[in-house]
Amino acid sequence: MPNHISQQPVKRVVIGIAGQIGAGKTSVGKYLNSVCGFFYIRYSQVLAEWLSEDAEGKANLQVVGWEVMVGGMQSELNSRLIARIPPHTDSAVDGLRHPIDYDSLRRAFGYRDFYLIYIESALETRWSRLKSRFPTLKEFSQRESHPVEQHIPALKRNAFTSIPNEGSLQELYSEVDSVLAKIRNEKRS
């Protein structure tokens with residue numbers, strides 16, 4: 001006897017994570033992956049894999065990311081990233097840097113499935129988190145002022161929400177849980 005119970009389509013969530021260097025994007029993405037069961041992917045990961053196809057390869061992803069942007073290849077990078085996201089799976093995408101990234105993900109996953117979260121934190125807080133990589137505030141500021149980083153603040157206006165990250169990781173994760181609950185609630189309505 002056929003089953004006449006109508007099955008609801010799988011409702012998934014794709015969360016884009018944006019924010020400046022050291023804001024906590026990776027911490028949020030890894031939390032969504034390890035605690036909430038999201039598939040997790042980073043733009044830098046896709047860029048590095050794309051570059052490994054190049055015999056010469058590149059060491060500085062920030063410089064290469066800028067070459068991709070100004071070379072008109074940002075859409076190709078987005079296509080490669082989107083192709084890696086499994087269907088019907090909650091997913092977190094870390095490291096949106098350009099409005100093209102937001103537009104590509106929004107088109108690919110739709111207005112009911114894609115949500116951008118912007119993580120923000122004060123300059124000194126972000127630098128303190130990365131002192132092992134950037135021993136001086138000047139070095140950190142130089143890295144942050146690289147042209148590839150300049151479109152990031154503009155993404156905030158497209159965000160579903162902005163999460164301040166000035167406290168502990170537990171406080172950040174609590175904020176992420178609250179945002180995820182809001183998203184799930186919105187998708188139910």
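When you look at HIS146, is it loosely packed, with under 15 Cβ neighbours inside 10 Å and either small (Gly, Ala, Ser) or touching a helix residue (DSSP H, G or I) at 6+ places or on another chain (Cβ under 8 Å) (or both), yes or no? The answer is yes for HIS146. Right, ALA92: in contact with a Cys (Cβ under 9 Å, 6 or more places away or on another chain) and surrounded by 15 or more Cβ atoms within 10 Å (Cβ to Cβ) or not? Against the criterion (in contact with a Cys (Cβ under 9 Å, 6 or more places away or on another chain) and surrounded by 15 or more Cβ atoms within 10 Å (Cβ to Cβ)), ALA92 qualifies.
Within the range 165-189, the set of residues being under 19 Å from the mean Cα position of the chain (by Cα) and under 26 Å from GLY110 (Cα atoms) comprises TYR173, GLU175, VAL176, ASP177, SER178, VAL179, LEU180, ALA181, LYS182, ILE183, ARG184. The number of residues in the range 69-101 being basic (Lys, Arg) and either modelled with pLDDT of 95 or more or more than 18 Å from ILE152 (Cα to Cα) (or both) comes to 2. The set of residues in the range 154-173 that are exposed (fewer than 12 other Cβ atoms within 10 Å of the Cβ) and among the hydroxyl-bearing types (Ser, Thr, Tyr) contains only SER168.
Restricting attention to the range 120-165, the residues that are within 17 Å of GLY29 (Cα to Cα) and either of a type in the set (Phe, Trp, Tyr) or part of a loop (DSSP other than H, G, I, E, B) (or both) total 4. For the range 89-119, the tally of residues that are of a type in the set (Phe, Trp, Tyr) and either part of a loop (DSSP other than H, G, I, E, B) or more than 23 Å from VAL46 (Cβ to Cβ) (or both) stands at 1. For the range 157-179, residues that are touching a strand residue (DSSP E or B) at 6+ places or on another chain (Cβ under 8 Å) and in contact (Cβ under 8 Å) with a residue 24 or more places away in the chain total 11.
The values are calculated or read from the model by the stated rules, or taken from the named source; none is laboratory data. Since this is a predicted model, take the numbers as computed values, not measurements. Methodologically, a virtual Cβ is constructed for each residue, glycine included, from the backbone with ideal geometry; neighbour enumeration extends over all protein chains shown.
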